[in-house]
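The values are calculated or read from the model by the stated rules, or taken from the named source; none is laboratory data. None of the values given here were measured: they were computed from a predicted structure. FYI the Cβ positions are ideal-geometry reconstructions off the backbone, even for glycines, and counts take in every protein chain you see. Heavy atoms of the whole protein, side chains included, go into the accessibility calculation; ligands, DNA and RNA do not. Shrake-Rupley method; radii C 1.70, N 1.55, O 1.52, S 1.80 Å.
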Amino acid sequence: MSSELREFDLIIIGAGPAGIALAVEARTAGVPSERILILEKAAEHSWIIRKYYPASKPVLATYKGIEAKCEGVLCIPDLTREETLTYLDRAIRDSGAQVRYREEVFRLGGEADGRLRIESSGGVFRARVVVIAIGILGRPQKPSYPIPRELQHRVLFDVTSEQIRERDVLVVGGGDTATEYCQFLVQESNRVVLSYRGQELTRPNPINRDSVLALERQGRLVLRLSSNLAGLEAAGKRVRARFQEPQWPAIEVDRVVYALGGTTPENFLKSAGIEFDGPTPRLTESFGTSVPGLFLAGDLTAGKKGGSIILAFNTAAAAMRQICQDHGICSIGRPGAP
Ligand SMILES: Cc1cc2nc3c(=O)[nH]c(=O)nc-3n(C[C@H](O)[C@H](O)[C@H](O)COP(=O)(O)OP(=O)(O)OC[C@H]3O[C@@H](n4cnc5c(N)ncnc54)[C@H](O)[C@@H]3O)c2cc1C
């Protein structure tokens, strides 16, 4: 793209559930489609769903105990992964917003005239309002010990980047993602060990917890509770995983899959001028940041506990209500509106 600078009323960074909901809410509030731009670093929208959700995964409306109470235009019941993607596909298409794929935003800041300036891999843009909806899974949480370079292609953070069948697989983690990976990997005829540092599986929802416990009872999965990995080393073409606790002997596996959650892109947000309280960005009730005109939406607002798709939709609706109130870019609900 040329270095031409383009002006918009609203720029949304990230085309996941939150970014898509933002575009829909903005259109509903009367922001013209040509005044909205979405910048997405992946080649398609909803990249996290495509990358991290196993193929057969049911998408639950109530996730991580977050109530499925929709407050905006978008809403989903329990769906399959494909139905969820189809729903989001239709939403982004119907919004009419311009989406620029393969455009990673790497810099953001305020200008003297109060507009926000965005630099992406494709160019420079300006907007009156910017919403950052980039989630937390772009940077999965890594273990504290180093992963030897020669093992890197045997160590994964998802179960879709490679087809894993009839292998010995160690899954590390104890939440919904880890337990969903286990169910998927067992279904794909793998021999699975789940290592979790807690004494019990208290974090997953009851369906995931009960499914994993049932697999263990059936002898189709080995559960190592109260286990902490000490490190990984090469063992021929396999990986030897060593544990801190003497009761857990080392095991050799073909693949190790970490499901430890994501991390807030703190440096990116701080470099945009957003103030933090400890590890969390300081936000208003409507997800406005300390930078005028700059909002967050979706998983970025959810804190350590993590978010859900409906929470992403709701944060977008709340942010958009505030944007309409404060920034004069909406026509519906204002005097002179159509
Ligand atoms: C395995 C797994 C299973 C889950 N199951 C469920 C479930 O059943 N039900 C449920 O409600 N929730 C579920 N979740 C949680 C749900 O997926 C998230 O809460 C939701 O996707 C958050 O949406 P978001 O738009 O905030 O962020 P994301 O979905 O993370 O989307 C962020 C988007 O921003 C893009 N992006 C990132 N950085 C940049 C950048 N610098 N420039 C431009 N674009 C960028 C990314 O490519 C991505 O498309 C699950 C999560 C995982 C990992």
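Dipole magnitude for the chain: computed about the Cα centre from +1 point charges on Lys and Arg Cβ and -1 point charges on Asp and Glu Cβ, it is near 580 debye. Judged by a Cβ-Cβ distance under 4.7 Å, the unpaired cysteines of the chain are Cys182.
At 7 Å along Cα-to-Cβ for each site, give me the label-to-label distance between Asp168 and Ala235 in nm. Reported label-point gap for Asp168 and Ala235 is 0.5 nm. Taking 28 Å as the limit for the C-alpha separation, the pairs Lys51/Lys305; Lys69/Lys270; Lys41/Lys270; Lys69/Lys304; Lys142/Lys305 exceed it in the case of Lys69/Lys270. Modelled spin-label separation between Ala43 and Gln187, with each label point placed 7 Å from Cα along the Cα-to-Cβ direction: 2.5 nm. Between the Cα long axis of helix 206-217 and the first principal axis of the chain there is an angle of about 20°, rounded to the nearest 10. Estimated from helices alone, the mean residue ellipticity of the chain at 222 nm is -7500 deg cm²/dmol (sum of -39500 (n - 2.57) over DSSP H runs with n ≥ 4, per residue). For the range 82-126, the share of accessible area belonging to carbon and sulfur comes to 42 percent (1.4 Å probe, ligands and nucleic acids excluded). Modelled spin labels at Thr160 and Thr263, positioned 7 Å past Cα toward Cβ, are 2.3 nm from each other. The stretch between Lys304 and Gln218, if pulled fully straight at 0.36 nm per residue, gains 27.6 nm over its current Cα-Cα span.
Close amide H contacts of Thr263 (hydrogens built in the peptide plane, cut-off under 5 Å, sequence separation of 5 or more or a different chain): Arg139, Gln141. Take the Cα of Phe106, step 7 Å along the line toward its Cβ, and report every residue of the range 114-145 whose backbone nitrogen sits under 15 Å from that point. Output list for this probe position: 118-125.
For Arg6 and Asp94, what is the calculated FRET efficiency with R₀ set at 25 Å and r taken between the beta-carbons, to the nearest 0.05? After rounding, the FRET efficiency stands at 0.60. Sort the range 1-83 into rounded, prolate or oblate with this rule: let a ≥ b ≥ c be the square roots of the eigenvalues of the Cα gyration tensor; rounded if a/c is under 1.5, and if a/c is not under 1.5, prolate when a/b is larger than b/c, oblate otherwise. Oblate shape, in that a/c is at least 1.5 and b/c is the bigger or equal ratio. Rounded to the nearest 5, the antiparallel percentage of DSSP beta bridges internal to the chain is 45%. Charges were assigned to the Cβ only: +1 to each Lys and Arg, -1 to each Asp and Glu. The resulting dipole of the range 56-122 about its Cα centre is roughly 120 debye. Scanning residues 5 or more positions from Thr80 or on other chains, those with amide H under 5 Å from its amide H are Val59, with H placed 1.01 Å from N in the peptide plane. Full extension of the chain between Val124 and Glu67 yields a length gain of 16.6 nm, computed as 0.36 nm times the residue separation minus the alpha carbon distance. The three principal axes of the C-alpha atoms in the chain carry coordinate ranges of 70, 38, 36 Å, sorted with the longest axis first.
A DSSP coil position with no more than 12 other Cβ atoms inside 10 Å describes the following trypsin sites (Lys or Arg not before Pro) in the range 261-338: Arg282, Lys304, Lys305.
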